[in-house]
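Comments concern the structure below.
The values are calculated or read from the model by the stated rules, or taken from the named source; none is laboratory data. Just so you know, these numbers come straight off a predicted model, no measurement behind them. A quick note on method: Cβ atoms are made from the backbone with ideal geometry, for glycine too, and the neighbour counts reach across all protein chains shown. The area values use the complete protein model at the heavy-atom level, side chains included, leaving out ligands, DNA and RNA. Shrake-Rupley method; radii C 1.70, N 1.55, O 1.52, S 1.80 Å.
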Amino acid sequence: MTAPRPILYLDWNATAPLRPEARAALLAVLDAPGNPSSVHAAGRKARDVVERARGEVAALIGAATERLVFTGGGTEANALALRALSDGVDALLVSAIEHDAVMQTARAGATPVEVWPVTAEGVADLAWLEARLRRGDRVAAALMLANNETGVIQPVAQAAALLHAAGARLHVDAVQAAGKIPVDLAALGADTLAISAHKLGGPQGAGALAFATDVRPTPLWRGGGQEQGLRPGTENVAAIVGFGAAAKAALAALPDMADQAAARDAAAARLKAVGASILGEAAPRLPNTLCLAVPGWPSDRQVMWLDLGGVQVSAGAACSSGKVRPSPVLEAMGEGALAPFALRASGGYATDASHWSAFADLWLDGYARVSARQRTEVA
Ligand code: PLP
């Protein structure tokens, strides 16, 4: 019997494996009872660990602890932000490449949504924004810091400057950026900024919204006074503590993340040599993300081939409940024709050059078989 192939996980943008630091911190808390709102010693201990985690998470994104609330994940943090920013505006300008957590929440609200286009490289079009702001009505905008499918980093600081000059606010979904590149709320000029624990090695089901001095979110629901009344309900203490530990480790490891780009690009060069396109390649990108497409080899078949060979990647993020639909991100970039063939590989803190090269080996092997078959069919 041959030994099973080791599983190679390259789908960190979907979720990152729990960091050992986060696991240890989380497990320690699970065994300690205590509601952070209780006044006895166990309650005070729970409050202490939550506040320590708040400091760790705030440090990762340059936020003030008194303006950071924990949520049940990135989706909820985005929803809380959009509720705050859409109040009293005539339109919400939402970039065409936003995650469903932003796009669908915005569309479900009462404020009309206008889609803010992106360039062919997947970068939000600042000229469009400038022209739109000249109309002079009251707007707010949402622009993610880095795209989950292509990894393309957005010109958030420039957008914030344009918006602020027009008296408008900006929400930044930094869920994919936090822990992969430096994130600083003030330097970005974000009025609200959302992050999620599980994308940076914390547990699933925890997130945070940070906000600037003059923003006052309104809660999505009512209840107790937890999280300044902005997120009523007993805190998920263990998840928050795991989030804090992950954020601290991620901040310390940021320089290592930057080093990932070289291994990713070496793998990309090999795929390009046989005709694959790298989406967003000419734009600044996250160091860990590779979005590629090659006509003739559908995404789901690529995912299956790689999975059988022990490499786990994604057919693009336009996938929920197990269903894959054409990626609105690639469509917005004018690459709709490539969307059925797009694949996303993404690494993280435990990924090294050997993983990227094993991914490229297996992909090239699969592609050689597909193209040989196509050549036979044509002949
Ligand atoms: N925003 C972006 C850019 C994401 O990639 C994701 C998750 O895929 C989310 C928001 C949602 O975060 P969560 O899974 O924590 O709700």
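So the values come out like this:
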{"item": "Among (1) more than 30 Å from Leu338 (Cα to Cα); (2) within 19 Å of the chain's Cα centre (by Cα); (3) touching a residue at least 60 places away in the same chain (Cβ under 8 Å); (4) part of a loop (DSSP other than H, G, I, E, B) - the single one Thr150 does not satisfy", "result": "(1)"}
{"item": "Count of residues meeting criterion [of a type outside the set (Phe, Trp, Tyr), away from the ligand (no atom under 13 Å from the Cβ) and within 22 Å of the chain's Cα centre (by Cα)] in segment 202-233", "result": "5"}
{"item": "Close pairs (6 angstrom Cβ cut-off, 6 or more residues apart or separate chains): in contact (Cβ under 8 Å) with a residue 60 or more places away in the chain in segment 155-184, away from the ligand (no atom under 11 Å from the Cβ) and open to solvent by 20 Å² or more (accessible area, probe 1.4 Å) anywhere", "result": "Asp184/Gly62"}
{"item": "Condition met for Ala247 (more than 19 Å from Ala332 (Cα to Cα) and at pLDDT 95 or above)", "result": "yes"}
{"item": "Which listed residue is within 16 Å of the ligand (Cβ to nearest atom) and either in contact (Cβ under 8 Å) with a residue 12 or more places away in the chain or open to solvent by 20 Å² or more (accessible area, probe 1.4 Å) (or both), from Leu30, Leu10", "result": "Leu10"}
{"item": "Matching residues in segment 86-110 - criterion: being more than 16 Å from the ligand (Cβ to nearest atom) and either surrounded by fewer than 18 Cβ atoms within 10 Å (Cβ to Cβ) or modelled with pLDDT under 95 (or both)", "result": "Ser86, Asp87, Gly88, Val89, Asp90, Gly109, Ala110"}
{"item": "Qualifying position, being closer than 30 Å to Ala360 by Cβ, crowded, with 22+ Cβ neighbours inside 10 Å and small (Gly, Ala, Ser), among Ala53, Ala16", "result": "Ala16"}
{"item": "Segment 328-371, residues that are among the polar types (S, T, N, Q) and outside any helix (DSSP H, G or I)", "result": "Ser346, Thr351"}
{"item": "Among the residues listed as Leu129, Leu145, Leu133, the single one being open to solvent by less than 10 Å² (accessible area, probe 1.4 Å), farther than 23 Å from Gly74 by Cα and not β-branched (Val, Ile, Thr)", "result": "Leu129"}
{"item": "Residue in segment 111-119 that is open to solvent by less than 60 Å² (accessible area, probe 1.4 Å) and modelled with pLDDT under 95 present", "result": "no"}
{"item": "Criterion (open to solvent by less than 20 Å² (accessible area, probe 1.4 Å), under 22 Å from Ala360 (Cα atoms) and not assigned by TED's automatic domain parsing to the domain that holds Gly207) met by exactly one of Ala262, Ala273, Ala268", "result": "Ala268"}
{"item": "Residue identified as touching a helix residue (DSSP H, G or I) at 6+ places or on another chain (Cβ under 7 Å) and surrounded by fewer than 24 Cβ atoms within 10 Å (Cβ to Cβ) among Ala206, Ala166", "result": "Ala166"}
{"item": "Residue satisfying condition, being aliphatic (A, V, I, L, M) and closer than 20 Å to Ala14 by Cα, within set Ala146, Ala110", "result": "Ala146"}
{"item": "Qualifying residue in segment 340-359 (condition: open to solvent by 30 Å² or more (accessible area, probe 1.4 Å), more than 24 Å from the chain's Cα centre (by Cα) and either at pLDDT below 95 or charged (D, E, K, R) (or both))", "result": "no"}
